[in-house]
Amino acid sequence: MDPWILKWLEKEMGDCLFSTVRAMPPVPLPPDSYDAVRNQYVSTRILREMLKEVPEDARKLLGVTDKDLCIPILTYVFGEAQLDGIAAVVSLARLRQEHYGVAPDRGLLLERLRKESLHELGHTFGLIHCPSRECVMYLSNTVVDVDGKGRTFCRACRAAMGPLSGAGREE
Ligand SMILES: [Zn+2]
Ligand SMILES: [Zn+2]
């Protein structure tokens with residue numbers, strides 16, 4: 001992982017969720033999460049491993065990886081989260097323009113990462129997929145969906161999340 005991107009995400013998630021966010025030292029992916037046939041990593045196994053590493057004072061734990069993620073029934077996922085749980089993981093692999101044979105676009109990569117990180121964290125706050133395209137909880141199957149949807153939670157999803165930790169501010 002590019003440490004600069006992690007640093008950027010740390011601040012961005014803190015601002016979006018009105019929470020204190022702290023980056024942790026990098027950890028290797030669990031070897032049993034690698035699927036050699038698909039040359040991808042099974043996100044569910046990464047989540048399981050992450051749950052062993054949750055700091056005592058942490059409410060949520062977001063994993064960020066450059067590796068391509070999948071689950072058995074889908075050819076790829078941008079990320080996966082425990083619904084109403086602690087852990088979520090996102091992958092940069094398919095958020096990069098290079099993956100689609102296009103020139104790199106750092107700004108677009110960060111915007112996609114921001115949306116997908118918020119989306120997966122939203123699941124950990126108990127949110128399910130939202131029918132509104134304006135909402136970051138809208139289901140994204142492709143980067144076109146990611147680019148087309150809103151960059152934050154709609155009013156209904158924000159209300160369903162309940163109070164966030166830290167300041168009692170409202171968006
Ligand atoms: Zn989702
Ligand atoms: Zn929504």
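The values are calculated or read from the model by the stated rules, or taken from the named source; none is laboratory data. Model, not experiment: these values are computed from the prediction. All Cβ positions, glycine included, derive from the backbone under ideal geometry; neighbour counts span all protein chains shown.
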Task: Residue in region 14-26 that is assigned to a helix (DSSP H, G or I) and within 18 Å of Leu83 (Cα to Cα) present - done: yes
Open item on the list: Looking at Arg94, Arg45, Arg106, can you tell me which residue is surrounded by fewer than 16 Cβ atoms within 10 Å (Cβ to Cβ) and modelled with pLDDT of 95 or more?
Closed with: Arg106
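Taking region 22-36, which residues are out of contact with any Ser or Thr (no Cβ under 9 Å at 6 or more places or on another chain) and in contact (Cβ under 8 Å) with a residue 12 or more places away in the chain?
Matches in region 22-36: Arg22, Ala23, Met24, Pro26, Val27, Pro30, Asp32, Asp35.
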Open item on the list: Please verify whether Val136 is more than 16 Å from ligand 1 (Cβ to nearest atom) and modelled with pLDDT of 95 or more, treating the condition exactly as stated.
Closed with: no
Open item on the list: Six or more apart or on different chains, Cβ atoms under 6 Å: show the pairs whose first residue is in region 38-57 and at negative phi and whose second is among the basic types (Lys, Arg).
Closed with: Tyr41/Lys67
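I want to confirm something. Restricting to region 139-161 and keeping residues that are among the basic types (Lys, Arg) and either surrounded by fewer than 13 Cβ atoms within 10 Å (Cβ to Cβ) or within 25 Å of Tyr100 (Cα to Cα) (or both), which single residue is nearest to ligand 1 (Cβ to nearest atom)?
Within region 139-161, the subset among the basic types (Lys, Arg) is 149, 151, 155, 158.
Remaining after also requiring either surrounded by fewer than 13 Cβ atoms within 10 Å (Cβ to Cβ) or within 25 Å of Tyr100 (Cα to Cα) (or both): 149, 151, 155.
On the way: Lys149: 11, Arg151: 15, Arg155: 19 Å.
Here the answer is Lys149.
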Open item on the list: With the structure loaded, tell me whether Ala81 is touching an Asp or Glu at 6+ places or on another chain (Cβ under 7 Å) and surrounded by 11 or more Cβ atoms within 10 Å (Cβ to Cβ) or whether it fails that test.
Closed with: yes
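Among the residues in region 120-142, are any among the polar types (S, T, N, Q), away from ligand 2 (no atom under 16 Å from the Cβ), outside any loop (DSSP other than H, G, I, E, B) and free of Cβ contacts under 8 Å to residues at least 60 places away in the same chain?
no
Being part of a loop (DSSP other than H, G, I, E, B) and either within 16 Å of ligand 1 (Cβ to nearest atom) or of a type in the set (Phe, Trp, Tyr) (or both), is that true of even one residue in region 107-119?
The answer is no; no qualifying residue exists.
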